[in-house]
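All remarks here apply to the structure that follows.
Values in this text are rule-based calculations from the coordinates and carry no lab data. This one's a predicted model, so the numbers in the text were calculated from it and none came from an experiment. Heads up, the Cβs are rebuilt from the backbone with ideal geometry, glycines too, and the neighbour counts pull from every protein chain shown.
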């Protein structure tokens, strides 16, 4: 029974990891860039949620309504002013690395400016949800984990409807599939990039609040999730949204079982080792098809 | 052409006499660190500059070099001069095992693989206290015994390390210059710029890239040994960190990766600023140097992706056209 509980715990945690990875995979799928600063944006939105709960006293889950539009605007603006000009300049280059470096620079910049401004303190906020348990027969689950799971499902459904049921979504998907063809039929490709980047970052506004009752807020909070999110999206296949969920759940369960059997620090090392091996043998992901 | 030579040699003559002119320990310490970074960036440049990939985990090789030579020194009393070579060989072996499959990966995948490899190595080092007879001491790191003998690569005199790294830097610049304009150098650059075209012309792309990585790893590991002897304390969060790896890449890019002057220029401009701020600001403005690094990378990528070398060549061109 204990094992079942651990697996379920890992499963729920895995979906929340997937929530973090969702924006990363969306941005890769549409713009074809890896956003190294993804974790830093998560850290930022965790701080926003923290201050909202701490100073205004809003409920942690209702606080989502503020960071989401804020993060969208930040993402939209950054993509518009920084990333798109570099992409335009590097159009003919075979291995575009400039944008990769730009987001890496952003990562270093954001994490360290947070360190300067907020200090190296581990902050946490006591919410009515922290530490509460739900009992389901023999199983007992952490309440914030269950709420987080439900919010993740809601976010994924929202994203699905946005991508598959709206005109904007169709334009986004068309851009991801074939940029030139989308341009030919009149899609403003670079504006779609801005919007996609904005959406990818806005999802982190949700994730920040979901993680707040369970994790410390710290300038390096993002790094852990950043590297985990890279692993998840590569496992699931870069650009694939169902893949992000599969990868997230896989990592969540491995981590939960591994922490139980060999300790939480060792399992992190093993996940990295296995990831490198995986990258060597199946860089296209678990379900990907090898492209020539 | 002759005067260009002299302009190139002049800074090294100045560096050569600096310890005689300044007795300040801080000046020597900062300059030694600057040259250490310059060497490290030049080693990185062999892969990151020419081979068309973005290695973001070079601290792995630095750490391997530092740990191997230090462990041999502490537990078997083997001189770090010798340990430096063993460390280099170990790092090259590691680079071969990792590099052979990973250098086939393109663009972001290689960068991710290099990060994940380094993180795995750091986490394992942090969690291991003992390997056989060697005590690794996990996250606490290794303290090196203090000696004052040149054959143990140690000296109370800072000038010893200063001249050592200066010589290393000069040899590295000359060596990389010869390599860059050799047959292999041209082939590697061609492979980095357009892999398929280079392969079609008969360049064995994969082998060339792996060889460049092996040399790069060997040199980085030697510099790791130097660091351990210079600072006498190494720990995984420092010598095996993502931060160090990113610093190396950032300095190369600000200077101009894929050139020889660029990495040296980048190190001499960026490292003193961050070292001096560390000296005078102490713990007050944590991470300031990295804020500056990150910001510079964003600005350079946006406006000047070729780094300072691109700026230089633009200015020279304008000067020639105007004059």
**OP:** Please work out whether chain B counts as rounded, prolate or oblate from its C-alpha gyration tensor, where a ≥ b ≥ c are the square roots of the eigenvalues and a/c under 1.5 means rounded, while otherwise a/b larger than b/c means prolate and anything else oblate?
**Re:** oblate
Subject >> Exercise: per-residue mean of other protein chain Cβ atoms within 10 Å, A:271-281 >> reply: 6
Original post:
Taking chain A as a Gaussian network, Cα atoms linked when under 10 Å apart, which of A:179, A:191, A:135 shows the biggest mean-square fluctuation?
Top reply: A:135
Original post:
So how tilted is helix A:167-177 from the main axis of chain A? Cα-based, degrees 0 to 90, rounded to 10.
Top reply: 80
**OP:** Using only the Cα atoms of the stretch B:1-137, build the gyration tensor, take square roots of its eigenvalues as a ≥ b ≥ c, and label the shape rounded, prolate or oblate: rounded if a/c is under 1.5, else prolate if a/b is larger than b/c, else oblate.
**Re:** oblate
Original post:
How well do other chains shield peptide A:26-35, expressed as the mean number of their Cβ atoms within 10 Å of each residue Cβ?
Top reply: 1
Original post:
Taking the Cα atoms of the stretch A:37-190 alone, what are Rg (to one decimal) and Dmax (as a whole number) in Å?
Top reply: 19.9, 60
Subject >> Mean Cα-pair separation over length for the stretch A:1-140, i.e. relative contact order, pairs under 8 Å, 6 or more apart, % >> reply: 33
Original post:
What is the distance in Å between the Cα centres of the stretch B:179-206 and the stretch A:243-261?
Top reply: 41
Original post:
Where Rh denotes the Kirkwood radius from the mean inverse Cα pair distance, what is Rg over Rh for the stretch B:157-290?
Top reply: 1.02
Original post:
Between rounded, prolate and oblate, where does the stretch A:101-162 land on the alpha carbon gyration tensor, with a ≥ b ≥ c its root eigenvalues, rounded for a/c under 1.5, else prolate if a/b exceeds b/c?
Top reply: oblate
Original post:
Which residue, A:236, A:119, A:222, has the most motion in a Gaussian network model of chain A that connects Cα atoms within less than 10 Å?
Top reply: A:119
Subject >> Span from the the stretch B:8-57 Cα centroid across to the the stretch A:138-190 one, whole angstrom >> reply: 48
Subject >> Most mobile of A:213, A:69, A:120 in a GNM of chain A (Cα contacts under 10 Å) >> reply: A:120
Subject >> Kirkwood hydrodynamic radius (C-alpha pairs) into Stokes-Einstein, the protein assembly as shown, 10 °C and 1.306 mPa s, D in µm²/s >> reply: 62
Original post:
residue B:157 to residue B:81: FRET efficiency via 1/(1 + (r/R0)^6), r the Cβ-Cβ distance, R0 25 Å, to the nearest 0.05?
Top reply: 0.90
Original post:
What does the convex hull of the Cα atoms come to per residue for the stretch A:135-291, in Å³?
Top reply: 149
Original post:
Which order do B:58, B:211 fall in if you start with the one that has the fewest other Cβ atoms within 10 Å?
Top reply: B:211, B:58
Original post:
Assuming R0 = 25 Å, what is the FRET efficiency of residue B:186 and residue B:261, from their Cβ-Cβ distance, to the nearest 0.05?
Top reply: 0.85
**OP:** Based on other C-beta atoms within 10 Å, arrange A:233, A:189 from fewest to most.
**Re:** A:189, A:233
**OP:** Please report, to two decimal places, log10 I(q)/I(0) for chain A at q = 0.08, 0.09 Å⁻¹ as given by the Debye formula with identical point scatterers on the Cα atoms and no solvent.
**Re:** -0.34, -0.43
**OP:** Tell me the label-point distance for the pair residue B:311, residue B:104, using the 7 Å Cα-to-Cβ offset, in nm and rounded to one decimal.
**Re:** 4.2
Original post:
Can you give the relative contact order of the stretch B:178-307 as a percent, counting alpha carbon pairs under 8 Å and 6+ residues apart?
Top reply: 16
Original post:
How fast does the stretch B:80-197 diffuse by Stokes-Einstein, in µm²/s, taking the Kirkwood radius from C-alpha pairs at 20 °C and 1.002 mPa s?
Top reply: 118
**OP:** Report the FRET efficiency, 1/(1 + (r/R0)^6), for residue A:216 and residue A:160, where r is their Cβ-Cβ distance and R0 is 45 Å, rounded to 0.05.
**Re:** 0.90
Original post:
Expressed as a rounded percentage, what relative contact order does chain A have, with Cα pairs under 8 Å and six or more residues apart?
Top reply: 40
